[in-house]
Amino acid sequence: MGLLVGLLVGFKKPRRPIPGLVLAGTIEDAGKKVTRFKVGDEVFAFTVKSLIQLRVGTYAEYMCLPEDSLMALKPSNLTYEEAAALPYGGLLALYFLKKGPIQSGQNVLIYGASGAIGTAAVQLAKHFGATVTGVCSTANVALVQSLGADTVLDYTKEDFTTSGQRYDFILNAVGKRKAQLQCENSLTPNGKHVTVDDEYTKPHLEDFILLKELAETGQLKPVIDRSYPLEQMVEAHTYVDQGHKKGNVVITV
Ligand SMILES: NC(=O)c1ccc[n+]([C@@H]2O[C@H](COP(=O)([O-])OP(=O)(O)OC[C@H]3O[C@@H](n4cnc5c(N)ncnc54)[C@H](OP(=O)(O)O)[C@@H]3O)[C@@H](O)[C@H]2O)c1
């Protein structure tokens, strides 16, 4: 896997020097055969289709993408910043919630409910009809409640793995490197425990369109912690690297 990733993204230095895989903006120009989009369309996009179709480079004023990219007209009720905050956490949350798959009436726990993936996962699990418990730190309890979680647990005060409560699905949206959950005793007999770094995800266009539709109907609200201008990219990454952002950090150009 390491060799494959090296071949794709570069060994000693990145093959593509400009990072970034999410964007929202206006179509400035389109090829003659393009039918899905026209000049002036307001769009948002996720520029990775698969591990071998890594088209990074959105930290820039312009980005050239094929017509069949994960790209769609921006929901008119969202700003560009909000639209850009939709795909990353939303696609990952959908991908892993489908591992359940989440069904109406199930008890679902989202660990790391205040991050980019977690804030989307709480809202999406509610959309699928689950009863949702979100786990986060004290500062984020109100945020996670506002996203519709039925119960919010503060991990600095209580440990859900010893409460006796059982869940049909537990999503660790923090990742194994920061949080190894020993939660087998918190699962129902057929319950599942999934971690967001269990595997590399393959985003799907149908999921991208579902996110757009849920945002248009107000069922999915992108959470933005901070916005930074492009010139303050270093400050933005320094903040994100602390690992405690609330939802998403957006770069404005
Ligand atoms: N599979 C894939 O393709 C893929 C792609 C990208 C990322 N990922 C994984 O997804 C993870 C989450 O990404 P993200 O962008 O959603 O992260 P994020 O926005 O930085 O959110 C992480 C959340 O975790 C919480 N947290 C941090 N340390 C914690 C700890 N020790 N215990 C409990 N909660 C903790 C933080 O909440 P508090 O401030 O309340 O603590 C924060 O809100 C990444 O770390 C990575 O492992 C996987």
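The values are calculated or read from the model by the stated rules, or taken from the named source; none is laboratory data. The structure presented is a predicted model; accordingly, all values stated were derived computationally and were not measured. Note that we place each Cβ from the backbone using ideal geometry, even for glycine, and neighbour counts take in every protein chain shown. These area figures cover heavy atoms from the full protein model, side chains too; ligands, DNA and RNA do not enter into them. Shrake-Rupley method; radii C 1.70, N 1.55, O 1.52, S 1.80 Å.
The table that follows gives values for the structure above.
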{"read-out": "Relative contact order (%) - the chain, alpha-carbon pairs under 8 angstrom, separation at least six", "value": "19 percent"}
{"read-out": "Whole-Å distance, taken between Cα centres, linking segment 175-203 and segment 34-80", "value": "31 Å"}
{"read-out": "Efficiency of FRET from Cβ geometry, residue 76 and residue 104, R₀ 30 Å, rounded to 0.05", "value": "0.55"}
{"read-out": "Accessible area of segment 183-253 belonging to carbon and sulfur atoms, whole % at 1.4 Å probe", "value": "51 percent"}
{"read-out": "Convex hull (Cα only) mean projected area of the chain, reported in nm² to one decimal", "value": "14.3 nm²"}
{"read-out": "Over 20 Å [Cα-Cα, segment 185-253], rounded percent", "value": "59 percent"}
{"read-out": "Cα point-scatterer Debye curve for segment 34-119, base-10 log of I(q)/I(0) at q = 0.26 Å⁻¹", "value": "-1.40"}
{"read-out": "Convex hull (Cα only) mean projected area of segment 83-195, reported in nm² to one decimal", "value": "6.5 nm²"}
{"read-out": "For segment 96-253: accessible area per residue (Å², 1.4 Å)", "value": "50 Å²"}
{"read-out": "Zone residues, segment 183-224, relative to residue 7, backbone N less than 18 Å from point 7 Å out along Cα-to-Cβ", "value": "200"}
{"read-out": "Listed peptides 92-99, 179-186 by packing density, highest first (mean Cβ within 10 Å)", "value": "92-99, 179-186"}
{"read-out": "Förster radius 35 Å - calculated FRET efficiency between residue 199 and residue 35, Cβ distance, rounded to 0.05", "value": "0.55"}
{"read-out": "Contact order normalised by residue count of segment 25-140, Cα under 8 Å, 6+ apart, percent", "value": "19 percent"}
{"read-out": "Contour minus Cα-Cα distance for residue 161 and residue 213 (0.36 nm per residue)", "value": "15.2 nm"}
{"read-out": "Sites residue 232 and residue 139 - FRET efficiency at Förster radius 22 Å, r taken between beta-carbons, to 0.05", "value": "0.40"}
{"read-out": "For residue 228, net neighbour charge (Lys/Arg +1, Asp/Glu -1) across residues whose Cβ lies under 15 Å away", "value": "-2"}
